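All remarks here apply to the structure that follows.
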Amino acid sequence: MAAVLGLIIGVVVGLFVKPDIPVWLQPYLPIMVVAALDALLGAARAYFERSFSDKVFVISFFSNVITAALLVLLGNQLGVGSQLSTAVIVVLGIRIFSNVSAIRRFIFQG
Amino acid sequence: MVKKTKPKKELSSQARSLRTRLLTSLLVAALCALLSFGYVVQVNNTDMTYETMTEAELTRMLSETSTQVQRLEERRTELSRQLTSLQQAADKEAEASRIAKENEESSGILSGRLPAEGQGIIVHISRGSKAQIDAATMFNLIEELRNGGAEVIAINDVRVVTSTYISQGDDGLICDGTALNPPYVVKAIGDKNNLQNAVNLAGGVGSRLTVKYGATVDVETSDDVKITQTQSLPDYKYAKTVE
């Protein structure tokens with residue numbers, strides 16, 4: 001409930017505020033969004049598994065986002081930024097798929 | 001005391017758990033809001049993120065852009081050339097229509113199709129008292145006027161054009177099929193002094209009319225001679241314009 005409410009609030013605020021993304025953040029924001037999405041889906045899965053812990057959710061959210069951003073930063077510094085961000089996206093995509101399939105199994109019991 | 005403290009403790013622990021639950025759900029909501037906020041901002045950020053591009057991509061994009069600029073420049077040059085040629089064509093057409101209009105006017109006056117006015121002279125010639133004025137003398141008068149630079153000439157009711165003839169009829173002169181009866185009024189548009197001189201020349205047609213035929217010749221100059229007589233255009237049967 002709180003999660004859905006938060007998502008809606010974020011969308012509304014984003015639609016109305018429209019801030020300029022600082023230049024240094026531009027390469028990282030998409031990765032961070034995907035990482036946060038992965039954390040959210042992991043939390044949803046945990047919720048369905050009755051093992052949801054808010055503390056774990058908060059920590060995993062931040063660690064996911066920060067790790068993804070750091071990886072991209074590292075890649076940029078090593079000159080393989082685009083490749084490494086592709087790698088991060090792929091890994092996060094795989095995790096999102098597995099989380100979604102776990103959620104599906106809980107919803108449809110199979 | 002014990003009874004009193006125990007529920008209070010339970011209550012406080014309940015309140016605390018409620019508060020933590022509220023806090024955590026608030027935190028979860030905040031994080032979700034952060035996520036969707038970042039998503040929307042990223043979606044709305046339609047600027048090309050040149051920051052994330054590699055050098056090769058940037059080089060390729062630069063060359064593509066400059067090629068496109070070159071193509072557009074070429075296209076612009078071509079279009080402006082077309083525009084210039086179209087404008088020139090339009091100018092030419094306007095010029096041609098202006099010339100055609102001028103030609104139409106001048107040839108209309110020349111052929112006697114249009115009435116004309118301007119400075120010139122009006123010659124009044126009375127009936128000859130010694131003899132009837134003959135066609136040759138009258139034609140001489142016209143020729144003298146033409147030599148004097150007359151642009152438009154009319155005798156009585158007849159506009160004199162290139163094909164005008166004067167012939168001797170049984171009881172007077174005939175000009176272009178119309179009988180001319182004295183007194184004759186000859187109007188001519190042109191330089192009035194030249195025309196006056198052409199008629200009044202010593203030994204010229206004016207003095208011949210006076211001396212030989214006994215007619216009175218009265219030359220009147222005017223700044224506004226109106227010649228309203230017109231001739232209908234002849235239908236050219238044989239002559240055709242050379243294309």
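Checked against the criterion of being assigned to a helix (DSSP H, G or I), among the polar types (S, T, N, Q) and touching a helix residue (DSSP H, G or I) at 6+ places or on another chain (Cβ under 9 Å), the candidates B:T84, B:T24, B:T67 yield just one match: B:T24.
Select, from A:V65, A:V33, the only residue that is β-branched (V, I, T) and either at positive phi or modelled with pLDDT of 90 or more (or both). Result of the check over A:V65, A:V33: A:V65.
So A:S60 clears everything in (1) facing another protein chain (nearest Cβ under 9 Å); (2) surrounded by 18 or more Cβ atoms within 10 Å (Cβ to Cβ) except one condition, right? Which one? Status for A:S60: all satisfied but (1). For A:R95, the stated conditions hold: it is of a type in the set (D, E, K, R) and touching a Gly at 6+ places or on another chain (Cβ under 9 Å).
Quick one: which residue in A:Y47, A:Y28 is within 11 Å of chain B (Cβ to nearest Cβ), out of contact with any strand residue (DSSP E or B) (no Cβ under 9 Å at 6 or more places or on another chain), under 27 Å from B:T54 (Cα atoms) and hydroxyl-bearing (S, T, Y)? Every option except A:Y28 fails the conditions.
Does A:K55 satisfy the condition of being under 17 Å from the mean Cα position of the chain (by Cα) and either open to solvent by 70 Å² or more (accessible area, probe 1.4 Å) or under 14 Å from B:S36 (Cβ atoms) (or both)? Yes; evaluated as a whole, the condition is true for this residue. Quick one: is A:R95 more than 7 Å from chain B (Cβ to nearest Cβ), part of a helix (DSSP H, G or I) and surrounded by 14 or more Cβ atoms within 10 Å (Cβ to Cβ)? Answer is yes for this residue. Residues in segment B:125-145 that are surrounded by 17 or more Cβ atoms within 10 Å (Cβ to Cβ) and closer than 15 Å to B:G206 by Cβ: B:I125, B:G128, B:I133, B:T137, B:M138, B:F139, B:L141, B:I142, B:E144, B:L145.
The values are calculated or read from the model by the stated rules, or taken from the named source; none is laboratory data. Predicted model only: the values in this text are computed from it and were never measured. Note that each Cβ is placed from the backbone with ideal geometry, even for glycine, and that neighbours are counted across all protein chains shown. Heads up: the accessible areas ignore ligands, DNA and RNA and are worked out on the full protein's heavy atoms, side chains in. Shrake-Rupley method; radii C 1.70, N 1.55, O 1.52, S 1.80 Å.
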